[in-house]
Amino acid sequence: MRYTLSSMHRSVLKFDSSLCFYRMVCQALVSSDTLEWERTQLWALTFKLIRKIIGGVDYKGVRDLLKAVLDKIQTVPNFMSSAVVQQLLAAREVCFSTYYFLFSLLQKLCLKGYYFMYLSLISDFVDSFRPTARINSICGRCSLLPVVNNSGAICNSWKLDPSTLRFPLRGMLPYDKDLFEPQTGLLRYVLEQPYSRDMVCNMLGLNKQHKQRCPVLEDQLVDLVVYAMERSETEEQFDDGGTSQLLWQHLSSQLIFFVLFQFASFPHMVLSLHQKLAGRGLIKGRDHLMWVLLQFISGSIQKNALADFLPVMKLFDLLYPEKECIPVPDINKPQSTHAFAMTCIWIHLNRKAQNDNSKLQIPIPHSLKLHHEFLQQSLRNKSLPMTDYKIALLCNAYSTNSECFTLPMGVLVETIYGNGSMRITLPGTNCMASGSVTPLPMNLLDSLTVHAKMSLIHSIATRVIKLAHAKSSLALAPALVETYSRLLVYMEIESLGIKGFISQLLPNVFKSHAWGILHTLLEMFSYRMHHIQPHYRVQLLSHLHSLAAVPQTNQNQLHLCVESTALRLITALGSSEVQPQFTRFLNDPKTVLSAESEELNRALILTLARATHVTDFFTGSDSIQGTWCKDILQTIMNFTPHNWASHTLSCFPAPLQAFFKQNNVPQESRFNLKKNVEEEYRKWKSMTVENDIITHFSMQGSPPLFLCLLWKMLLETDHINQIGFRVLERIGARALVAHVRTFADFLVYEFSTSAGGQQLNKCIEILNDMVWKYNIVTLDRLILCLAMRSHEGNEAQVCYFIIQLLLLKPNDFRNRVSDFLKENAPEHWLQSDWHTKHMTYHKVTHTHTHSLLHANNTGLFPRSVQTPAHRRIHSSTQSDSFQNRPVTYLYNTLHYYERHLRDRTNLKRKLVHAIMSSLKDNRMPGWCLSETYLKCGMNPREDSVWIPDDTYYWPFPNCDWRFNEFPNPAAHALHVTCVELMALAVPGKDVGNALLNVVLKSQPLVPRENITAWMNAIGLVITALPEPYWIVLHDRIVSVISSAVLSSEMEWVGYPFQLLDFTACHRSYSEMHCSYILALAHAVWHHSSIGQLSLIPKFLSEVLKPIVKTEFQLLYVYHLVGPFLQRFQQERTRCMLEIGVAFYEMLQAVDQHSKHLAYMDPICDFLYHIKYMFTGDSVKDQVERIICSLRPAMRLRLRFITHISKMEPAAAASVPPSSSVSSPAAPSIPLSVSQ
C-alpha cells in the first residue's frame, strides 16, 4: 500500500498539471469507501498525499475538499490521534485563502464534542489569525463614546447588533474578548443623554414603521431606572426634585417613546424592575418611579388590556411597605404630583377594570387612603384655584374619566382662553384679542401627565382651527400662544405637538385664509420653539415656499413674516443636518427652494457652504460633479441667477467655487443703473395723470427702480406725495423685493460717489426716513438685501458702511433696543408677564410697525442681521443677549473663517468678547468660557498676546436642556470648548499639537486608568475643529513611522502584534510611543466625519508610501488604517478601493527593500480579509501586477487573489513546506473565538 500511494504521487506529478486533475484526485481519495480510520496506514498515507498535492487545487476546490475532510474526521472517535488535523493545518501556506474560512467548520467540529480532542491544534490555528484580528481592531473601541447630536454621531461607527448589542465585526476572526461583549455601556450612555432617541434608533437599526421588540433596549432602560433610584437614595431632598429631577423627566420621555413604538414591552419592563429592586431597599425615589410609569399608563391604558398594567401593583407592594396611611404632601409644591402618582395609577387601573367589567378590581391600598380621599374631596370642590397643584392632581388622576376630567381641564382651558367677554388691545390698528395674558407656568405643565398634556394641546389646536374657520377678527390670546409654545417642547407628545402643528394646524389655518393667526403661528415658531427635529423644519420650509407663491400672501407684513421664518429655518440648520435632510428632496429639489427670493436661495447656498466646510464633506475633491448638492445648486441658478463677490467666493469650499465660476451671471454696470434711474425719474416728473403714473411704474415687467425714484424724490423735495404710496401699494409686497435689491445696489453707488460732508449726512437722513418715517422698506429687509449683494472692493466696504449706519447711527433705533432690553430677558419660558412688558414697550416707543404681540422683539432685526455674519464680522449690539444660539454662531463663524482669521487674533478676541459679554447677566458663571481664558485670553493688548502652556489644554451648572441652545451637556461642553480653542491667539497647528500632548506627554492630571477616556475627549474636540487643528496628527504619524523603532531592520524585543496592542501594553506598563500614537489616531479617526477620513488615501499614497520600507512600518500602517475599511465601504467606497491598492504598493516596496520577511502569514491574512470582506475583485487588475512582482513565497500565499493559480498550479503543488518563510511563533494567548 505504501508503494502504491508513493507511485501514485509520482504519477500524479508527471501525468497532468491541470487544476481540475488535482481536485479530482483529492476528491476521489477523500470520498473513497476504503478510507476508514481503522486502516491506520492507508488513512495516514492518504492524507499525506493530499497534503502534498493540495497546493495545485483551485480556491473553491480546496474549500470543498476541506469540508469533506472535516466531515470524514468526524467519523474518528474522540480518543484517537489528531495527526490528520495537524497535517491539514500545516498546509496553510499553499492554500492560504481557504484557511481564512476554516473557522466555521472548526467551530462545528468543536460543538460536536471534538473540541478537547483537537484543543491544542485548534488553539494554535486560531492564534495564527489573531494578528489579522488585531490589525482590524480599533484600539480601546469599547471606551469610545459619542456626543449625541454631533456630526460624528450619525455615522456608522456606533452601530450595534440589535439582538446582542455587539459591534458588527466583519469576518470570523478571533477578535479580543471585549469586542465580542455586549456594549451595554455605550447604549446606556447614549440613552442617558437628552434628545438621544433618534441616535438610539440609528445605533440599533430600529424603524418606527416596523414594530419590533428589542429586549436589550428594555434591559438598559430598566437599568437606567434602577440607577435613577440609586441616585435618589443618596441625594438630598429638594422641593424641585433635586438634580435627579431632570433625569426622571428624561426617563419618562424615553420610556414613552420606546414603549409606544413597541421597541420595549411595558409589562416586561415592570417585572424586570421588580426583580432588580427586590431586596435593595431603594424607596426614596419611588414616587418619581411611579410618576414615570403613570405617564405611560394614563395615556395607553384605554387601548390596551388591563393585565398589561397589573404588574405595577407588585412594584407597589415592594416599594410601599407602610402599614399606616401615607400623609398628604404639601400641594403648594410641584413634587406633590409625584407623591400622588401611585394613587393616580390605582385610580386608572380601577377605572379600566370597571369599564371592562373585570373581576380584577383591586381595593384601594390602606396606605393610599388619605391620598384617595383628598382627591375625591377636591373633585367635589367646583371652585379650583390656580395657586396650587390641586388642578394638576385631578387632571392626572381622572384623565381617563371624562365625567371627572372635564372640571379641572376646563379650568386650565379657561385660564388660557379667557372667559369669552374680556378683550385686550394689541399693538397696531384695531387689533384686539381675548383677555387672557398669563400663560400656564412650566412647573404646572411639568406636573401634568402626558395624557393630560395631550388633552390640553389638542384643545388648543382645535380652538385655533375653529377660530380660523370662523374668520374671527380676534387675535389669539397671549396666554394661549405662550402656553401652546411651551407644550410643543415636550417630545413625548410629538404626534399632537410639533407633528400636528406642521401637518394639521398650519394647513388648516392657511386653508381658512386666517392670515393673522398664520402670522402669529409663524412668529411663535421663529422665536419660541426649541430643538425641533430637522425633518419637521425642512417640511415647514417647503410649506413656506408654497405659501409665498399664493396671491393672498402678497401683503407686506405677512410676506415679510413668511420670508423671515424661511430665512431662520435655513440658517438655523445644523451643519450635520443639511446633507441628510436635503438629500430627501433630490428627485424634486424645487420643493425646498424659493422660486422668487434670491436672498433665501443665497442664504441656502451660504448654509451649504458652511455645512460642507464644517463637516469636511468636499475634502479632497475639486469638483461638484456627482455630489448630492449639484442639482440643488443648478435649480437655484435657474430660479434666481446671481453672482458672488470674490471675497465671499474665496471662503467657499473648492467645488462650490468652481461651480459658481462656471455659472457666472453677467451683471448690470452701476453706471447703467444710474442712467436708467435718471431716465425713469425724468418720466416721473414729466407725467401728470395719476392713473398713468401708477400704471407705468407698477407695471409687471417694468424695471424695478421705483425705490430709487423715491430716494431721488426725497433728495430733491424732502417729501413723498401720495401717488408714490399708491404705486407701492399696486406693486405689492412680493414684487417690491426686486425693487429693494436694485435700491441696495443704487445706494452703494450713491454713497460711493458722494462728496461726503453735508451730502453724506443728507443721504443718511433720507435713508433713515425711508425706513422709520415713511415705512417704505423695513430695516431687516433692507439690511438683508444689502448684505447679500455681490459688491467688490471699495463698493463692498461702502455696503457694510451703510449697514453700520442703519444699525448704529439712528438714536431712535438704539433707544428702542435699549428700552426693550431693560425690561425683558431671553428666558421667555420663565416669564409670566411677557404681554404686559411688551405692551409697555410699545406705548413708550409708539411702535406700530410690528403688530404681533407674541414675537420676541429681537424680531426688530431678527435673522437678517445675523445672516451677514457669514459675510462679515459681527458688529455687536446689546441685543446679542437675545441670541438664541450664541455659541453656535461663534462656532460656525470661527470655524468657517478660520483661514481668514488665523492671523487676526485681536479680531477673534473682539468677536468672542462682544457676544459673551452681552450674555454675562443672563448666564451663570463658567457656562461657556474658562476662568483662565477670561482672565488671560481677553487681554486687548496685541503686544502681549497670551500664549497658554500645556496645562491649559484640559476638557472642561446643570440646566433645563429643553430650552438650552444644545440638547445635552456633552454637546454644550464640546462646542464651548471648541469656541474657546479657536478664539486663542495661537495657530491652529499649535493648539492641535497641544491637545495631542495632553495624553502623549503623560500629564500628571491624566490617570492611567482613564487614558482611553481622555483620548476619546481629545478625539471629539479635535475633530470638531477646522483642518489645521487635526491635520497635525498626520505629522505625528509620519514621525513615528520614520522613527528608528519602525524604520530599522533590527529585531524587536517582543512580538510586534502584542507591542501594538495598546490596551494590553498600557495595563502592563509596557506601552511604547508608537502604540500611543496608534491608539490616539484611532480615537480621532473614529470620531471623524467621512470627509475628514477621505484624506487618508491621499495621505497613504503621497506621504506614507515613499517612507514605508520595512516590515514593521508596513504592519504599523495596516494597524493604523485597517479598522476603518468597514466604514469606508459603507460611506465612501472609492476611498476604500484606493486604500486597498495603496496597501499592495507599500507591500511591494517592503518586499523589494527587505531581505527577510518574518510576518508574511499575518500580512497575507490581512490582504485576504480585505478581498473577501471589502474589495472583492474590484482592485484585482491593479494588484495582480504587483503580486506577480513579489518574492515566490509571497506570490504563493497570494495566488488566489490573482490568476496566478491558473498559470502555475504544478509549481504551487510542488513547493515544499520548507520553502516558505514562516512567521515567528506568537506567545501563548488564551483562546477566544467568536461564537
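Please enumerate the residues belonging to the range 519-532 that are outside any loop (DSSP other than H, G, I, E, B) and more than 16 Å from P826 (Cα to Cα).
Of all residues in the range 519-532, those outside any loop (DSSP other than H, G, I, E, B) come to 519-528.
Within the range 519-532, H519, T520, L521, L522 meet the criteria.
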Report task. With the condition kept exactly as written, say whether any residue in the range 677-699 is part of a helix (DSSP H, G or I), among the hydrophobic types (A, V, I, L, M, F, W, C), open to solvent by less than 60 Å² (accessible area, probe 1.4 Å) and under 21 Å from R789 (Cα atoms). Result -> yes
Report task. Please enumerate the residues belonging to the range 816-863 that are assigned to a helix (DSSP H, G or I), at pLDDT below 50 and of a type outside the set (K, R). Result -> N857, T858, G859, L860
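Considering every residue within the range 376-383, establish whether at least one is within 20 Å of F296 (Cβ to Cβ) and either surrounded by fewer than 19 Cβ atoms within 10 Å (Cβ to Cβ) or in contact with a Cys (Cβ under 8 Å, 6 or more places away or on another chain) (or both).
no
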Query raised in the report: Right, V464: closer than 30 Å to L294 by Cα, out of contact with any Cys (no Cβ under 6 Å at 6 or more places or on another chain) and at pLDDT 90 or above or not?
Result: yes
Query raised in the report: Between a first residue in the range 494-506 that is assigned to a helix (DSSP H, G or I) and a second residue that is of a type in the set (V, I, T) and open to solvent by less than 10 Å² (accessible area, probe 1.4 Å), which pairs have beta carbons less than 8 Å apart while being 6 or more apart in sequence or on different chains?
Result: G500/I457; L505/V464
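Which of the residues spanning the range 456-470 are open to solvent by less than 50 Å² (accessible area, probe 1.4 Å) and either of a type in the set (A, V, I, L, M, F, W, C) or under 32 Å from the mean Cα position of the chain (by Cα) (or both)? If you could, list the steps in order and put the result at the bottom.
Of all residues in the range 456-470, those open to solvent by less than 50 Å² (accessible area, probe 1.4 Å) come to 456-457, 459-461, 464-465, 467-468.
Hits for the range 456-470 are L456, I457, I460, A461, V464, I465, L467, A468.
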Query raised in the report: Here are T1012, T1023: which of them is within 15 Å of G988 (Cα to Cα) and of a type in the set (S, T, Y)?
Result: T1023
Requested in this report: Please go through the range 785-795 and pick out each residue that is open to solvent by less than 10 Å² (accessible area, probe 1.4 Å) and in a helix (DSSP H, G or I).
Outcome: C785, L786, A787, M788
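Yes/no per residue for (1) at pLDDT below 90; (2) more than 30 Å from L1104 (Cα to Cα); (3) among the hydroxyl-bearing types (S, T, Y):
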{"site": "Y953", "(1), (2), (3)": "yes, no, yes"}
{"site": "L974", "(1), (2), (3)": "no, yes, no"}
{"site": "R1008", "(1), (2), (3)": "yes, yes, no"}
{"site": "P1026", "(1), (2), (3)": "no, no, no"}
{"site": "Y1029", "(1), (2), (3)": "no, no, yes"}
Report task. Inspect the range 267-281 for any residue being touching a Phe, Trp or Tyr at 6+ places or on another chain (Cβ under 7 Å) and either more than 16 Å from L368 (Cβ to Cβ) or outside any loop (DSSP other than H, G, I, E, B) (or both) and give the result as yes or no. Result -> no
Query raised in the report: Just to be sure, is F639 in contact with a helix residue (DSSP H, G or I) (Cβ under 7 Å, 6 or more places away or on another chain), among the aromatic types (F, W, Y) and surrounded by 19 or more Cβ atoms within 10 Å (Cβ to Cβ)?
Result: no
Query - Tabulated pairs, the range 730-758, first within 15 Å of N794 (Cα to Cα), second hydrophobic (A, V, I, L, M, F, W, C) and open to solvent by 30 Å² or more (accessible area, probe 1.4 Å), C-beta under 6 angstrom, 6+ apart or interchain - result: S754/L760
Query raised in the report: When the residues of the range 142-167 are filtered to those that are modelled with pLDDT of 90 or more and of a type in the set (S, T, Y), which remaining residue is most open to solvent (accessible area, probe 1.4 Å)?
Result: S163
**Report entry** Residue list for the range 405-425, filter: out of contact with any strand residue (DSSP E or B) (no Cβ under 7 Å at 6 or more places or on another chain) and open to solvent by less than 80 Å² (accessible area, probe 1.4 Å)
**Finding:** F405, L407, P408, M409, G410, V411, L412, V413, T415, I416, G420
Report task. For the range 805-814, indicate whether the set of residues that are of a type outside the set (A, V, I, L, M, F, W, C), in contact with a Lys or Arg (Cβ under 6 Å, 6 or more places away or on another chain) and either under 26 Å from T483 (Cβ atoms) or open to solvent by less than 80 Å² (accessible area, probe 1.4 Å) (or both) is non-empty. Result -> no
Query raised in the report: Residues in the range 533-563 that are of a type in the set (V, I, T), open to solvent by 20 Å² or more (accessible area, probe 1.4 Å) and either under 24 Å from P580 (Cβ atoms) or in a helix (DSSP H, G or I) (or both): how many?
Result: 0
Query - Only one of L247, L310, L251 that is under 13 Å from H348 (Cα atoms) and open to solvent by less than 50 Å² (accessible area, probe 1.4 Å) - result: L310
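Restricting to the range 1005-1057, count the residues that are more than 36 Å from the chain's Cα centre (by Cα) and open to solvent by 20 Å² or more (accessible area, probe 1.4 Å). Give the steps one after another, and end with the answer.
The first filter runs over the range 1005-1057 and keeps only residues more than 36 Å from the chain's Cα centre (by Cα), leaving 1042-1056.
From the residues that got through so far, the ones that are open to solvent by 20 Å² or more (accessible area, probe 1.4 Å) too are 1042-1045, 1047-1055.
Looking only at that region, the number is 13.
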Query - Unique match (being open to solvent by less than 40 Å² (accessible area, probe 1.4 Å), part of a helix (DSSP H, G or I), touching a Phe, Trp or Tyr at 6+ places or on another chain (Cβ under 8 Å) and β-branched (V, I, T)) among I347, I326 - result: I347
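The values are calculated or read from the model by the stated rules, or taken from the named source; none is laboratory data. No experiment lies behind these values; they were computed from the predicted model shown. Neighbour counts run over all protein chains shown; Cβ positions are idealised from the backbone, glycine included. SASA here: full protein model, heavy atoms, side chains in, ligands and nucleic acids out. Shrake-Rupley method; radii C 1.70, N 1.55, O 1.52, S 1.80 Å.
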